[in-house]
């Protein structure tokens, strides 16, 4: 019997998890059972992915750089990557602003709904912590992101997934230094990182064997901890605008893939779908990164020289889905609370959302921190910030899941475009977890 493909296994696990979660919400002891006995399985899965993210970045990036014969090639990859990421982010924000201005979801929110949402969420610890974090980021200097990019302790940077840019900086520095000491002297270290890369990719294969069960646990946990259904219904139009914009971004990526790489867009979406489904389940680009790298390299055929740089950088600075959400959420809040926006304000939203996406942590909830920065940039009253965040807090988690899918898809798209432009988009070379099992069993 033909084995069911991984993306179908994950999709079945997601559907069953949602159904199981809804069943458990109707049972008195259901929420406690899911929290105590089901959700931990998903949490372990996410921790395993985060566990190997940093070793994979280091091994993959060092291998990619040390395989280069011409160091200027790496410069070309870097310039093209940053340039394309900026373009796709501007496109995402623009799509969001056009949709929210045309459909005006904020005008349909009643005063009673605003009052109820404010009462429920304005004092929530999650809302207040996002405002505090945004204030800290806003008060830092204009070049603080460059300061934050350079670690003063490489081992400390490697111990924190939130310091991924620091790890990338150190690894690039290490890889370039290996090139400069000559191939013979660098060979022992290069052999070590080559082997480490193979081992970590095998760990990805093993972890992915549990993915269908893990997403079942993760989605069941999300459902039983979901907010008041009445409040979710009140925000349905706003959510629809965000999701509609995100779907348009997927169409945009598919068009870019078909136009620039001459690959079938449906084939691309099929091959990247396991990473997309995990992004949806975990709401974290960083946690999904090992799977994204494995799918892009082995199943799509992007050379490691490209993927090892483009994807880790993308997981940190390329947040197209989150940036689109910034535009929609900022205008929606302004509409609902009667704060008029000029055309200049909307241009400010584009610029601020673009800048805020650089250096934002690739973790759940980072989007709301960015949103506070965007709202403050257009002069939104400080005393209404908590109310503004409260308006959208009820649906932030499910929308965070959706926008992370777009973030990951954008990373994969850019890696294909950069690889094609540098002649490094080859044929897929799929490796299974049991390729060498016969040798050791």
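Only the coordinates and a few stated rules stand behind these numbers; no lab work does. Every value quoted in this text rests on a predicted model; they were computed, and no experiment measured them. Glycine gets a Cβ as well: all are built from the backbone with ideal geometry, and neighbour counts include every protein chain shown.
How large is the Rg to Rh ratio of the stretch 91-245 when both quantities use alpha carbon positions and Rh follows Kirkwood?
My calculation of the ratio gives 1.11.
Extending each Cα 7 Å along its Cβ direction at residue 19 and residue 75, get the distance between those two points in nm, one decimal.
So the two model labels end up 5.8 nm from each other.
May I ask you to sort 357, 415, 28, 140 by Cβ crowding, counting other Cβ atoms within 10 Å and putting the fewest first?
If I rank by nearby Cβ atoms, fewest first, I get 28, 140, 357, 415.
Modelling each spin label as a point 7 Å along the Cα-to-Cβ direction, I'd like the residue 347/residue 440 distance in nm, to one decimal.
Here the answer is 6.0 nm between the modelled labels.
Shape of the stretch 117-186 from its Cα gyration tensor (a ≥ b ≥ c, root eigenvalues): rounded if a/c is under 1.5, otherwise prolate when a/b > b/c, or oblate? Please report the intermediate quantities before stating the final value.
Numbers: a/c = 4.95, a/b = 2.99, b/c = 1.66.
Taking the square roots of the gyration eigenvalues as a ≥ b ≥ c, the stretch 117-186 is prolate.
Quick check: from the Cα gyration tensor, does the stretch 70-139 come out rounded (a/c under 1.5), prolate or oblate? Don't skip to the end; give the middle numbers.
Numbers: a/c = 5.29, a/b = 1.84, b/c = 2.88.
Cα axes put the stretch 70-139 in the oblate bin.
Taking neighbour Cβ counts within 10 Å as the exposure measure, how do 270, 262 sort from fewest upward?
262, 270
Could you calculate the contour length gain from residue 5 to residue 255, that is, 0.36 nm times the residue separation minus the distance between their Cα atoms, to one decimal place in nm?
Fully extending the segment from residue 5 to residue 255 adds 87.5 nm.
Can you figure out the FRET efficiency of residue 421 with residue 340, using R₀ = 60 Å and their beta-carbon distance, to the nearest 0.05?
Between residue 421 and residue 340 the formula returns 0.90.
Using a Gaussian network model of the chain whose springs link C-alpha atoms within less than 10 Å, name the residue from 160, 152, 205 with the highest mean-square fluctuation.
The residue that fluctuates most here is 152.
Once both axes come from the Cα atoms, what is the angle between helix 71-103 and the longest principal axis of the chain, in degrees from 0 to 90, rounded to 10?
Taking the Cα atoms of the chain, the angle to 71-103 is about 20 degrees.
Taking Cα atoms, how many degrees apart are the long axis of helix 396-421 and the longest axis of the chain, rounded to 10 and kept between 0 and 90?
Result, in degrees: 40.
Return the single residue from 309, 74, 280 with maximal mean-square fluctuation; model: Gaussian network over the chain, springs between Cα atoms under 10 Å.
It is 74.
When only Cα pairs under 8 Å and 6 or more residues apart are kept, what is the percent relative contact order across the stretch 6-430?
In percent, rounded to a whole number, it is 32.
Only Cα pairs within less than 10 Å get springs; with that Gaussian network setup on the chain, which residue of 158, 319, 368 has the largest fluctuation?
Residue with maximal mean-square fluctuation among 158, 319, 368: 158.
Measuring from centroid to centroid over Cα atoms, what is the spacing of the stretch 277-306 and the stretch 70-89 in Å?
19
Report the FRET efficiency, 1/(1 + (r/R0)^6), for residue 266 and residue 12, where r is their Cβ-Cβ distance and R0 is 25 Å, rounded to 0.05.
After rounding, the FRET efficiency stands at 0.80.
Relative to the first principal axis of the alpha-carbon coordinates of the chain, what is the inclination of helix 6-25, with its axis defined by its Cα atoms, in degrees from 0 to 90 and to the nearest 10?
Tilt of helix 6-25: around 30 degrees.
May I ask you to order 90-102, 377-389 by the average number of other C-beta atoms within 10 Å around their residues, highest value first?
Per-residue Cβ counts within 10 Å, averaged per peptide and sorted highest first, yield 90-102, 377-389.
Ranking 132, 294, 438 by Cβ neighbours within 10 Å, fewest first, what do you get?
438, 132, 294
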